[in-house]
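Read through the structure below, which is laid out as structure tokens, and then see the notes.
The values are calculated or read from the model by the stated rules, or taken from the named source; none is laboratory data. Quick caveat, the model's predicted, so the values are computed rather than measured. Using ideal geometry, Cβ is built from the backbone for each residue, glycine included, and neighbour counts are taken over all protein chains shown. These accessible areas exclude ligands, DNA and RNA; they are computed on the full protein's heavy atoms, side chains included. Shrake-Rupley method; radii C 1.70, N 1.55, O 1.52, S 1.80 Å.
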Amino acid sequence: MALHMASAQTENKPEKEKEEESEDESEVLEESPCGRWHKRKEQVNQGNMPGIESTFLAMDTEEGVEVVWNELLFTDKRIFKSHEDKIRTMFQNLMVVDHPNVVKFHKYWLDVKETSARVVFITEYVSSGSLRQFLKKTKKNRKTMNAKAWKRWCTQILSALSYLHSCDPVIIHGNLTNDTIFIQHNGLIKIGSVWHRVFANELPVPDELRTPVKCFREEQRTKHFFPPEYDSCEDGTAVDIYSFGMCALEMAVLEIQANGERVTEENISKAINSLEDANMKEFVLQCLSAAPEQRPSAHNLLFHRVLFEVHSLKLLSAHCFLNTPYIMQDNLLEEKTKLIDPQAVMAAIPRKGQSPVLWRYSQVSSIELDKFLEDVRNGIYPLMNFAVSRPHVLPRTLSQSQEDLQATKTPTPEPVEVETRKVIQMHCSLERRDDKARIHLTLYIKLEDKLHRHLSCDLLPNESSQTLASELVHYGFISEDDCQKMATFLEDALHKHRYPLN
């Protein structure tokens, strides 16, 4: 059925559409060995390694979203071979990093030629721009950052750092600046360039990929983000805390004034003294402590009084509420709140010898509640902030090299990764083909993370709904748990199409 789907989506299209498709195909410079990612001409700069201009925009043909195609070229194959095991281990560790506030690392592969070698890795693309760009635009209209937005951003960055620092082995970012932090349209913060420190410390970066003038300017512009001990001793997680403190300061004041291209200690002191909130000032000063051992951990900073606004019980309740299957529909919360009596008691605290303390629904703003739940759904308040146990890196099989992939590649589509997201909505339409023997199926699927899938194929008379559902699972379109539900849904649709009510 997957083959049918691929062909069914391209036939009977207008000539103009076909011309546009052929033009798009001409822009594709290269495909990944599995055929999923298509590299395009446009270069992007999304927290890549400073001085290496080797990142391109690409298309994920499976999910239908843009991604970043990163390349690291070794012109000397011998140098690559001497580091190959280290490269594989490093990338395998990055593959299991999974946090809503960290730019996702999707896949990597090794392209080994006779005299050279190349490492290609695919990462998530955040199109709304970097924190630096956002602050620059915001400064044109206001003098300081909104306190509520500042707290939410700090919480998200610390959540990501807390996760990275608790991995085994520990992942230290080492390049946290306002150029490597990105903002999505829904307010979600994403930390990029997590792999920079690993590359810088573990791999010999080819000189021919560097641009010395650009490197020097970037180092001068971002030097104040790094602590006094940087490069002088073996760094630890305290390096990231100092860099975060500088990001938090710059977010609060929108811009730290510089002398030329450099930000001096005097500039930083003036920015700190300009903070009117005493708790915010103390928070920043703790992060910027000259002694690494005096800087708090990312996890402890999450509970600082300037940030800790959402009680863990409230957050747990929100996550449990949103994970309930029938709640996942976008408009259901609004429909349910309309049915509630505003004077009804939602909670009560009994008091001995006194009247109980009552909370009525009228005391809770449905608009504020709806916004909070939307933020939780978008990942702005991840539950892992409050986790005591450390996450463990799960072992994965090593990715195949380019030679292995080419040797095992077949002309038929290969199974993709297993889908785990639940289907929350299904719609389909059926139309009989001109030959009367085939039925054209168009299937619309909405998953729990709001991803929409639009699939179409031609069905032959001998194809059953159970077979169709099983193939959807096999090719990663739906999860195994939804197989029977999909089979029942398709069987019902086919029955109504074949035997319509008169």
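Filtered by the rule that a residue be open to solvent by 10 Å² or more (accessible area, probe 1.4 Å) and not in a loop (DSSP other than H, G, I, E, B), region 173-195 gives Ile183, Lys190. Which condition breaks for Ser127 when tested against (1) assigned to a loop (DSSP other than H, G, I, E, B); (2) modelled with pLDDT under 85; (3) crowded, with 18+ Cβ neighbours inside 10 Å? It is condition (3) that Ser127 fails. For region 335-367, taking the residues that are in contact with a Lys or Arg (Cβ under 8 Å, 6 or more places away or on another chain) and farther than 20 Å from Ser317 by Cβ, the one that is modelled with the highest pLDDT is identified as Gln343. Of all residues in region 291-305, none are modelled with pLDDT of 85 or more, surrounded by 13 or more Cβ atoms within 10 Å (Cβ to Cβ) and acidic (Asp, Glu). Counting the residues of region 89-124 that are crowded, with 21+ Cβ neighbours inside 10 Å and either of a type in the set (Val, Ile, Thr) or assigned to a loop (DSSP other than H, G, I, E, B) (or both) gives 8. All of (1) farther than 26 Å from Asn175 by Cα; (2) in contact (Cβ under 8 Å) with a residue 40 or more places away in the chain; (3) open to solvent by 60 Å² or more (accessible area, probe 1.4 Å) hold for Arg78 with one exception: (2). Is at least one residue of region 325-333 closer than 30 Å to Lys485 by Cα and either modelled with pLDDT of 85 or more or open to solvent by 90 Å² or more (accessible area, probe 1.4 Å) (or both)? Yes, region 325-333 has at least one match.
Here is a yes/no grid of residues against (1) farther than 21 Å from Gln184 by Cβ; (2) in contact with a Gly (Cβ under 7 Å, 6 or more places away or on another chain); (3) at pLDDT 80 or above; (4) of a type in the set (A, V, I, L, M, F, W, C):
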| site | (1), (2), (3), (4) |
| --- | --- |
| Leu72 | yes, no, yes, yes |
| Thr89 | yes, no, yes, no |
| Val112 | yes, no, yes, yes |
| Ala117 | yes, no, yes, yes |
| Arg132 | no, no, yes, no |
| Lys136 | no, no, yes, no |
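Every test in (1) modelled with pLDDT of 85 or more; (2) touching a His at 6+ places or on another chain (Cβ under 8 Å); (3) open to solvent by 70 Å² or more (accessible area, probe 1.4 Å) is passed by Phe283 save one, and that test is (3).
Selection of region 239-283 for residues being in contact with an Asp or Glu (Cβ under 8 Å, 6 or more places away or on another chain) and in a loop (DSSP other than H, G, I, E, B) yields only Ile256.
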